[in-house]
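A.B. asks: Below you'll find the structure I mean.
The values are calculated or read from the model by the stated rules, or taken from the named source; none is laboratory data. Keep in mind the model is a prediction, meaning the values are calculated, not measured. Here the Cβ is made from the backbone with ideal geometry for all residues, glycine too, and neighbour counts use every protein chain on show.
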Amino acid sequence: MMNLKPRASYLAPCTSHFALRSPLTSAGMTLVEVMVTVTILTLVMAILFGLSTGLGDTAKVQGAKITSSDQARKAMIYATRDLRQAAKSSVSGLPGPSISYRVATDLDGNGAAVDVGGNIELSALRQIERDLTDANGDGIAGSQLVLKIGGVTQVLANDLSEDEDANGNGVLDPGEDRNGNGRLDRGVWFERDGSGIKVTLQSEGHSRQGHLIQTQLTETVFPRN
Ligand SMILES: [Ca+2]
Ligand SMILES: [Ca+2]
Ligand SMILES: [Ca+2]
(Lines give C-alpha, C1' and ligand atoms only; values in the text may rest on other atoms or scores of the structure.)
(Ligands and ions follow the chains in the order given, each with its own letter.)
Protein backbone atom coordinates (compact mmCIF):
# COMPACT_ATOMS: atom_id res chain seq x y z
CA MET A 1 0.00 0.00 0.00
CA MET A 2 1.38 3.37 -1.03
CA ASN A 3 1.84 6.23 1.44
CA LEU A 4 0.89 9.60 -0.22
CA LYS A 5 1.35 11.75 2.84
CA PRO A 6 5.02 12.86 2.33
CA ARG A 7 4.34 13.66 -1.32
CA ALA A 8 1.43 15.94 -0.47
CA SER A 9 3.46 17.86 2.11
CA TYR A 10 6.35 18.25 -0.45
CA LEU A 11 4.06 19.80 -3.10
CA ALA A 12 2.26 22.14 -0.76
CA PRO A 13 5.00 24.84 -0.42
CA CYS A 14 5.50 24.93 -4.21
CA THR A 15 1.84 25.63 -4.90
CA SER A 16 1.83 28.32 -2.24
CA HIS A 17 5.01 30.01 -3.62
CA PHE A 18 3.61 30.05 -7.18
CA ALA A 19 0.40 31.59 -5.95
CA LEU A 20 2.31 34.54 -4.38
CA ARG A 21 4.57 35.27 -7.41
CA SER A 22 2.07 34.80 -10.20
CA PRO A 23 -0.02 38.01 -9.81
CA LEU A 24 3.15 40.14 -9.50
CA THR A 25 4.72 38.70 -12.68
CA SER A 26 1.63 38.97 -14.81
CA ALA A 27 0.91 42.55 -13.62
CA GLY A 28 4.26 43.93 -14.96
CA MET A 29 7.69 44.67 -13.52
CA THR A 30 9.04 44.67 -10.02
CA LEU A 31 10.16 47.95 -8.45
CA VAL A 32 13.81 47.01 -9.09
CA GLU A 33 13.08 46.34 -12.74
CA VAL A 34 11.28 49.70 -13.06
CA MET A 35 14.23 51.51 -11.47
CA VAL A 36 16.75 49.79 -13.75
CA THR A 37 14.64 50.65 -16.84
CA VAL A 38 14.27 54.30 -15.80
CA THR A 39 18.03 54.53 -15.17
CA ILE A 40 18.84 53.06 -18.59
CA LEU A 41 16.35 55.36 -20.33
CA THR A 42 17.81 58.39 -18.50
CA LEU A 43 21.31 57.41 -19.60
CA VAL A 44 20.22 56.91 -23.22
CA MET A 45 18.45 60.29 -23.26
CA ALA A 46 21.50 61.99 -21.75
CA ILE A 47 23.75 60.45 -24.42
CA LEU A 48 21.36 61.45 -27.22
CA PHE A 49 21.11 65.01 -25.87
CA GLY A 50 24.91 65.23 -25.63
CA LEU A 51 25.26 63.97 -29.20
CA SER A 52 22.72 66.45 -30.59
CA THR A 53 24.35 69.37 -28.72
CA GLY A 54 27.78 68.31 -29.97
CA LEU A 55 26.56 68.04 -33.56
CA GLY A 56 24.95 71.48 -33.30
CA ASP A 57 28.22 73.02 -32.07
CA THR A 58 30.21 71.27 -34.82
CA ALA A 59 27.81 72.59 -37.46
CA LYS A 60 28.07 76.10 -36.02
CA VAL A 61 31.90 75.95 -35.98
CA GLN A 62 31.96 74.66 -39.56
CA GLY A 63 29.54 77.42 -40.60
CA ALA A 64 31.73 80.11 -38.99
CA LYS A 65 34.85 78.62 -40.66
CA ILE A 66 33.22 78.61 -44.08
CA THR A 67 31.90 82.17 -43.69
CA SER A 68 35.26 83.42 -42.45
CA SER A 69 37.31 81.72 -45.19
CA ASP A 70 34.81 82.73 -47.90
CA GLN A 71 35.08 86.40 -46.95
CA ALA A 72 38.89 86.39 -47.06
CA ARG A 73 39.13 84.21 -50.18
CA LYS A 74 36.71 86.25 -52.30
CA ALA A 75 38.36 89.53 -51.26
CA MET A 76 41.82 88.12 -52.01
CA ILE A 77 40.79 86.93 -55.48
CA TYR A 78 39.30 90.30 -56.37
CA ALA A 79 42.09 92.42 -54.87
CA THR A 80 44.94 90.47 -56.49
CA ARG A 81 43.16 90.42 -59.87
CA ASP A 82 42.81 94.21 -59.76
CA LEU A 83 46.34 94.82 -58.44
CA ARG A 84 47.76 92.67 -61.27
CA GLN A 85 46.50 95.34 -63.70
CA ALA A 86 48.12 98.15 -61.69
CA ALA A 87 50.86 100.39 -63.06
CA LYS A 88 53.88 99.84 -60.78
CA SER A 89 54.74 103.55 -60.77
CA SER A 90 51.24 104.42 -59.49
CA VAL A 91 51.28 102.19 -56.41
CA SER A 92 51.52 104.01 -53.08
CA GLY A 93 50.78 103.46 -49.41
CA LEU A 94 53.19 100.55 -48.79
CA PRO A 95 53.66 99.19 -46.27
CA GLY A 96 50.30 99.85 -44.69
CA PRO A 97 46.63 98.91 -44.22
CA SER A 98 45.62 100.77 -47.37
CA ILE A 99 46.88 100.75 -50.96
CA SER A 100 46.18 103.16 -53.81
CA TYR A 101 47.01 102.58 -57.47
CA ARG A 102 45.86 103.14 -61.05
CA VAL A 103 45.28 100.41 -63.59
CA ALA A 104 46.03 100.45 -67.29
CA THR A 105 42.90 101.55 -69.16
CA ASP A 106 42.09 102.24 -72.80
CA LEU A 107 41.06 105.89 -72.37
CA ASP A 108 41.14 107.01 -75.99
CA GLY A 109 39.43 103.91 -77.34
CA ASN A 110 42.23 102.93 -79.74
CA GLY A 111 42.04 99.33 -78.59
CA ALA A 112 45.07 99.41 -76.26
CA ALA A 113 45.95 100.99 -72.91
CA VAL A 114 48.54 103.24 -74.56
CA ASP A 115 48.07 106.58 -76.26
CA VAL A 116 49.40 107.70 -79.68
CA GLY A 117 52.68 108.70 -78.04
CA GLY A 118 53.15 105.18 -76.66
CA ASN A 119 52.45 106.25 -73.06
CA ILE A 120 50.41 104.02 -70.79
CA GLU A 121 46.88 105.26 -70.11
CA LEU A 122 45.83 105.08 -66.49
CA SER A 123 42.47 104.84 -64.76
CA ALA A 124 41.16 107.02 -61.97
CA LEU A 125 42.77 106.41 -58.56
CA ARG A 126 41.69 103.17 -56.89
CA GLN A 127 42.01 102.42 -53.19
CA ILE A 128 41.62 99.22 -51.18
CA GLU A 129 41.11 99.89 -47.48
CA ARG A 130 38.77 99.52 -44.52
CA ASP A 131 35.56 101.47 -44.90
CA LEU A 132 36.37 103.46 -41.75
CA THR A 133 34.01 106.32 -42.63
CA ASP A 134 31.27 103.99 -43.92
CA ALA A 135 31.44 105.60 -47.34
CA ASN A 136 28.80 103.24 -48.76
CA GLY A 137 26.41 103.98 -45.86
CA ASP A 138 25.57 100.34 -45.08
CA GLY A 139 26.23 100.77 -41.36
CA ILE A 140 29.40 98.63 -41.43
CA ALA A 141 32.64 100.55 -40.98
CA GLY A 142 35.95 99.19 -39.67
CA SER A 143 35.27 95.49 -40.27
CA GLN A 144 34.49 96.06 -43.95
CA LEU A 145 37.09 95.98 -46.75
CA VAL A 146 36.21 98.08 -49.77
CA LEU A 147 37.56 99.09 -53.16
CA LYS A 148 37.00 102.79 -53.85
CA ILE A 149 37.07 104.03 -57.45
CA GLY A 150 36.24 107.71 -57.73
CA GLY A 151 32.95 108.10 -55.86
CA VAL A 152 32.03 104.41 -56.10
CA THR A 153 32.58 102.09 -53.17
CA GLN A 154 32.54 98.34 -53.72
CA VAL A 155 32.51 95.86 -50.82
CA LEU A 156 35.25 93.21 -50.99
CA ALA A 157 34.73 91.57 -47.58
CA ASN A 158 33.01 91.88 -44.22
CA ASP A 159 34.11 90.43 -40.86
CA LEU A 160 37.66 91.69 -41.25
CA SER A 161 39.76 91.14 -38.11
CA GLU A 162 40.44 94.33 -36.22
CA ASP A 163 43.84 96.00 -36.39
CA GLU A 164 45.46 95.05 -33.08
CA ASP A 165 48.55 97.21 -33.53
CA ALA A 166 47.22 100.03 -31.34
CA ASN A 167 50.55 101.91 -31.18
CA GLY A 168 51.37 101.27 -34.86
CA ASN A 169 54.89 99.92 -34.29
CA GLY A 170 54.39 96.65 -36.18
CA VAL A 171 55.08 94.57 -33.05
CA LEU A 172 52.71 92.76 -30.68
CA ASP A 173 52.87 94.68 -27.41
CA PRO A 174 51.26 93.82 -24.06
CA GLY A 175 47.50 94.36 -24.24
CA GLU A 176 47.35 94.39 -28.07
CA ASP A 177 46.41 90.73 -28.65
CA ARG A 178 42.67 91.46 -28.50
CA ASN A 179 41.55 88.11 -29.93
CA GLY A 180 44.02 86.14 -27.80
CA ASN A 181 45.61 84.06 -30.59
CA GLY A 182 49.17 85.00 -29.63
CA ARG A 183 50.07 87.04 -32.70
CA LEU A 184 49.62 90.56 -34.07
CA ASP A 185 46.62 90.70 -36.38
CA ARG A 186 45.91 93.63 -38.65
CA GLY A 187 42.97 92.43 -40.73
CA VAL A 188 44.45 93.89 -43.90
CA TRP A 189 48.06 94.70 -44.77
CA PHE A 190 49.95 95.56 -47.96
CA GLU A 191 53.75 95.48 -48.28
CA ARG A 192 56.48 95.13 -50.87
CA ASP A 193 57.75 91.62 -51.63
CA GLY A 194 60.59 91.97 -54.12
CA SER A 195 59.01 93.48 -57.23
CA GLY A 196 55.58 92.29 -56.06
CA ILE A 197 52.97 93.38 -53.54
CA LYS A 198 52.23 91.07 -50.64
CA VAL A 199 48.60 91.16 -49.52
CA THR A 200 47.56 89.75 -46.13
CA LEU A 201 43.89 89.40 -45.20
CA GLN A 202 42.39 88.13 -41.97
CA SER A 203 38.69 87.61 -41.39
CA GLU A 204 37.00 86.03 -38.42
CA GLY A 205 33.82 84.74 -36.84
CA HIS A 206 32.83 83.04 -33.59
CA SER A 207 31.31 79.66 -32.80
CA ARG A 208 28.24 79.42 -30.52
CA GLN A 209 30.58 78.71 -27.63
CA GLY A 210 32.52 81.90 -28.36
CA HIS A 211 35.59 80.30 -29.92
CA LEU A 212 37.43 82.45 -32.45
CA ILE A 213 37.37 81.11 -36.02
CA GLN A 214 39.94 83.04 -38.03
CA THR A 215 41.15 82.82 -41.61
CA GLN A 216 44.42 84.33 -42.77
CA LEU A 217 45.40 84.50 -46.43
CA THR A 218 48.64 85.86 -47.87
CA GLU A 219 49.42 86.27 -51.55
CA THR A 220 52.04 88.14 -53.54
CA VAL A 221 50.89 89.73 -56.77
CA PHE A 222 53.13 91.17 -59.51
CA PRO A 223 51.66 94.21 -61.32
CA ARG A 224 51.94 93.80 -65.09
CA ASN A 225 52.31 97.42 -66.08
CA1 LIG B 1 30.37 100.42 -45.05
CA1 LIG C 1 52.21 97.23 -31.39
CA1 LIG D 1 45.96 88.59 -32.23
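A.B. asks: Return the only residue of Ser203, Ser161 being among the hydroxyl-bearing types (Ser, Thr, Tyr), under 21 Å from Lys74 (Cβ atoms) and within 16 Å of ligand 2 (Cβ to nearest atom).
C.D. replies: Ser161
To keep it simple, each residue is scored yes or no on (1) in contact with a strand residue (DSSP E or B) (Cβ under 9 Å, 6 or more places away or on another chain); (2) more than 18 Å from Trp189 (Cβ to Cβ); (3) among the basic types (Lys, Arg).
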| residue | (1), (2), (3) |
| --- | --- |
| Gln85 | yes, yes, no |
| Gly109 | no, yes, no |
| Asp115 | no, yes, no |
| Leu122 | yes, yes, no |
| Ile128 | yes, no, no |
| Ala135 | yes, yes, no |
| Leu147 | yes, no, no |
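A.B. asks: Next up: Check whether at least one residue in region 149-156 is among the hydrophobic types (A, V, I, L, M, F, W, C) and in contact with a Lys or Arg (Cβ under 8 Å, 6 or more places away or on another chain), and report yes or no.
C.D. replies: yes
A.B. asks: Can you list the strands (runs of 3 or more DSSP E) found entirely within region 104-216 that contain at least 2 residues being farther than 16 Å from Leu83 by Cα?
C.D. replies: 152-157, 196-206
A.B. asks: Something else: Exactly one condition in (1) of a type outside the set (Val, Ile, Thr); (2) exposed (fewer than 12 other Cβ atoms within 10 Å of the Cβ); (3) free of Cβ contacts under 8 Å to residues at least 12 places away in the same chain is not met by Gly180; state its number.
C.D. replies: (3)
A.B. asks: From the list Ser123, Ser89, Ser100, exactly one residue is at pLDDT 95 or above and either among the acidic types (Asp, Glu) or under 19 Å from Arg224 (Cβ atoms) (or both). Which is it? Working first, answer last.
C.D. replies: Working: Ser123 fails: at pLDDT 95 or above; Ser89 fails: at pLDDT 95 or above.
Criteria check complete, one pass: Ser100.
A.B. asks: Something else now. Report yes if some residue within region 148-163 is within 12 Å of ligand 3 (Cβ to nearest atom), surrounded by 14 or more Cβ atoms within 10 Å (Cβ to Cβ) and in contact (Cβ under 8 Å) with a residue 40 or more places away in the chain; otherwise report no.
C.D. replies: Checked against the condition, which is being within 12 Å of ligand 3 (Cβ to nearest atom), surrounded by 14 or more Cβ atoms within 10 Å (Cβ to Cβ) and in contact (Cβ under 8 Å) with a residue 40 or more places away in the chain, region 148-163 yields at least one hit.
A.B. asks: Quick one: would you say Ala79 is modelled with pLDDT of 95 or more, assigned to a helix (DSSP H, G or I) and hydrophobic (A, V, I, L, M, F, W, C)?
C.D. replies: So Ala79 fits the description; yes.
A.B. asks: Out of the residues in region 164-208 that are within 14 Å of ligand 3 (Cβ to nearest atom) and of a type in the set (Asp, Glu), state the one that is nearest to the chain's Cα centre (by Cα).
C.D. replies: Glu204
A.B. asks: For region 190-225, which residues satisfy the criterion of being free of Cβ contacts under 8 Å to residues at least 60 places away in the same chain and of a type in the set (Asp, Glu)?
C.D. replies: Scanning region 190-225 gives a single hit, Asp193.
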